[in-house]
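Working notes, beginning with the structure itself.
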Amino acid sequence: MKRKPFLACMNCRFLVPRRPEVTRCPRCGSTDLTENWEGMIILIKTDSELVGKVEYLKEPGRYAVEVGRE
Amino acid sequence: MGVPFFPVRTVSGREIDVALLIEERARAKNLDVKSVIVPPRIKGFVIVESPAHFVVAEAVRGIKYVRGGPGKKISLEEVLKMIKPVPIIETVEVGDIVELVAGVFKGVKARVEAKIPEKNELVLSIVEAAYPLQITVPADYVRPVRR
């Protein structure tokens with residue numbers, strides 16, 4: 001399977017680019033990053049209909065839809 | 001009527017690449033794209049949120065892995081159904097056979113004895129055990145088994 005280009009934060013679902021020096025979520029500071037995520041939402045503008053309907057979408061960025069452990 | 005969502009067909013397995021390209025292009029050309037959604041476990045399409053069809057057509061034009069231009073718009077409810085799956089605890093009923101997918105009993109089949117929705121836990125009795133054995137596990141540890 002193709003390696004995913006991002007790691008997801010277990011805490012806030014933010015997607016972090018996969019680089020060796022990145023060990024923390026830049027948004028919430030959590031070190032709990034996982035490769036096990038499915039689906040992606042890229043929020044570009046905050047007046048999207050999804051803001052408010054989906055609780056983890058607050059500011060623009062890339063988010064995983066589902067995160068889980070192995 | 002809120003902002004509609006338009007589905008875009010892509011090459012299977014390239015959904016994330018297409019979504020990233022659409023994002024980049026939307027920012028570069030300042031297009032009115034509000035979000036791009038890659039639904040989990042659905043292969044071969046991404047959803048673009050934008051007020052108009054032609055904006056989406058502009059955003060996806062010429063992208064290598066796009067197989068079909070923006071289709072008919074879909075409603076917010078349908079999009080939410082795709083990205084907000086029902087929790088496992090609501091899909092299983094008391095008496096169902098489930099398989100444990102995590103924890104010490106991984107791979108073992110069990111019958112649901114009770115549900116504890118407030119703690120998101122299930123009380124199970126192991127089917128394959130020689131004597132009655134009840135365990136309480138988080139609902140994420142199980143997968144429903146088709147019978």
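The values are calculated or read from the model by the stated rules, or taken from the named source; none is laboratory data. Being a predicted model, the structure only gives us computed values, none of them experimental. Methodologically, a virtual Cβ is constructed for each residue, glycine included, from the backbone with ideal geometry; neighbour enumeration extends over all protein chains shown.
Evaluate the following for B:ARG27: is it surrounded by fewer than 19 Cβ atoms within 10 Å (Cβ to Cβ), within 21 Å of the chain's Cα centre (by Cα), among the charged types (D, E, K, R) and facing chain A (nearest Cβ under 8 Å)? When the stated conditions are applied, B:ARG27 does not pass them.
I'm trying to understand the selection: among the residues of the range B:92-102, which are of a type outside the set (A, V, I, L, M) and surrounded by 13 or more Cβ atoms within 10 Å (Cβ to Cβ)?
Within the range B:92-102, B:ASP96, B:GLU99 meet the criteria.
Residues checked against (1) within 12 Å of another protein chain (Cβ to nearest Cβ); (2) among the β-branched types (Val, Ile, Thr):
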| position | (1), (2) |
| --- | --- |
| B:VAL48 | yes, yes |
| B:PHE54 | no, no |
| B:ALA59 | yes, no |
| B:ILE83 | yes, yes |
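The set of residues in the range B:77-105 being more than 17 Å from B:ILE42 (Cβ to Cβ) and either touching a residue at least 40 places away in the same chain (Cβ under 8 Å) or assigned to a helix (DSSP H, G or I) (or both) consists of B:PRO87, B:ILE88, B:ILE89, B:GLU90, B:THR91, B:VAL92, B:ASP96, B:ILE97, B:VAL98, B:GLU99, B:LEU100, B:VAL101. Evaluating B:LYS72 against the criteria (1) away from chain A (no Cβ under 12 Å); (2) of a type outside the set (A, V, I, L, M, F, W, C); (3) buried (at least 18 other Cβ atoms within 10 Å of the Cβ); (4) outside any strand (DSSP E or B) leaves one unmet condition, (3). The set of residues in the range B:10-24 that are more than 9 Å from every other protein chain (Cβ to nearest Cβ) and of a type outside the set (D, E, K, R) comprises B:THR10, B:VAL11, B:SER12, B:VAL18, B:LEU21. A single member of B:ILE63, B:ILE116, B:ILE97 is over 20 Å from the mean Cα position of the chain (by Cα), within 29 Å of B:GLU23 (Cβ to Cβ) and either among the hydrophobic types (A, V, I, L, M, F, W, C) or not assigned by TED's automatic domain parsing to the domain that holds B:VAL18 (or both), and it is B:ILE63.
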